[in-house]
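J.: I'd like to ask you about the structure that follows.
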Amino acid sequence: MGDSSVNLAALIGSRICHDLISPIGAITNGLELLDMVGAVQGPEMELISGSVGNAGARIRFFRIAFGSSGEARLGRTEIAKILDDLGRASRIKAHWAPQEPKPRTEVKLAFLALLCCETAMPLGGTVEVACDGGQWTVAGMADKMNIESDLWHGLNARTTRARITPALVQFALLPAIAAEAGRRVRAETSSTRVVIRF
């Protein structure tokens, strides 16, 4: 994947997320108003509210993972809120260890690595994200892992024999964006753990 392809993909991701975040925010506000006046109550309202909340969290996550990076830094509070909201409707619980703000490009790489970990944990698990001396470690742990070896070897080699589907695009983007940032991805897998470093 060339640099221009990566940049174009990021611009498309930013555009889609930007256009969707406003209507989802409006639906959320509308649901809050309906709840305040007691117009709609019951399991139907909870289902709609939960679904809209999950969609909003996914879009905020995707905006960073697949959008353009820029020069901004992202603080722990914002990142932790996105991951907490995402975890409410997911079997994956992510813990963000870094305390200080981080460059958006590095957060993007960590989010893409988190998505790679998620694919290996179909029954759920925990992902720990840490940064020590500028070196990032994203580690996924679960009782049962589903490792597609070609995908994970591809992270180390920057090319893969695996077929990249929309659900697996993070495996193509992570090494390409890391290389743009002057970083190299290294991945390790075992029966209960996957680790991505960059």
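J.: Could you give me the residue pairs with C-beta distances under 6 Å whose first residue belongs to the stretch 23-39 and is under 22 Å from R60 (Cβ atoms), whose second residue is assigned to a helix (DSSP H, G or I) and of a type in the set (A, V, I, L, M) wherever it lies, and which are 6+ apart or on separate chains?
T.: These pairs meet every condition: I24/A55; I27/V52; T28/V52.
J.: Look through A65, A72 and report the one residue that is out of contact with any Ser or Thr (no Cβ under 9 Å at 6 or more places or on another chain), surrounded by fewer than 20 Cβ atoms within 10 Å (Cβ to Cβ) and among the small types (G, A, S).
T.: Working: A65 fails: surrounded by fewer than 20 Cβ atoms within 10 Å (Cβ to Cβ).
Checking each option against the conditions leaves just A72.
J.: Of everything in the stretch 43-100 that's among the charged types (D, E, K, R) and in contact with a helix residue (DSSP H, G or I) (Cβ under 6 Å, 6 or more places away or on another chain), which residue is modelled with the highest pLDDT?
T.: Taking the stretch 43-100 first, the residues among the charged types (D, E, K, R) are 44, 46, 58, 60, 63, 71, 73, 76, 78, 81, 84-85, 88, 91, 93, 100.
With the extra rule that they be in contact with a helix residue (DSSP H, G or I) (Cβ under 6 Å, 6 or more places away or on another chain), the set shrinks to 60, 63, 85, 93.
Values: R60: 90, R63: 91, D85: 89, K93: 95.
If we take residues in the stretch 43-100 being among the charged types (D, E, K, R) and in contact with a helix residue (DSSP H, G or I) (Cβ under 6 Å, 6 or more places away or on another chain), then K93 is modelled with the highest pLDDT.
J.: Just need a number here: residues in the stretch 150-164 that are at pLDDT below 90 and either among the aromatic types (F, W, Y) or over 12 Å from V185 (Cα atoms) (or both).
T.: Residues of the stretch 150-164 that are at pLDDT below 90, as a first pass: 157-164.
Checking which are either among the aromatic types (F, W, Y) or over 12 Å from V185 (Cα atoms) (or both) leaves us with 160-164.
The total comes to 5.
J.: Same structure, new question: Regarding the stretch 157-175, can at least one residue be identified that is closer than 20 Å to F62 by Cα, touching a residue at least 24 places away in the same chain (Cβ under 8 Å) and more than 15 Å from the chain's Cα centre (by Cα)?
T.: The answer is no; no qualifying residue exists.
J.: Could you list, in sequence order, the residues of the stretch 101-159 that are at negative phi and of a type in the set (K, R)?
T.: K102, R104, K108, K144
J.: Which condition number in (1) in a helix (DSSP H, G or I); (2) within 29 Å of G133 (Cβ to Cβ); (3) small (G, A, S); (4) at pLDDT 75 or above is the one that G25 fails?
T.: That leaves (2) as the condition not met.
J.: Residue check, L109 against (1) over 24 Å from N146 (Cβ atoms); (2) touching a residue at least 40 places away in the same chain (Cβ under 8 Å), all met but one. Which one?
T.: The number of the failed condition is (1).
The values are calculated or read from the model by the stated rules, or taken from the named source; none is laboratory data. Quantities reported herein were computed from a predicted structural model and do not represent experimental measurements. Quick reminder, even Gly has a Cβ in these numbers, built from the backbone with ideal geometry, and neighbours come from all protein chains shown.
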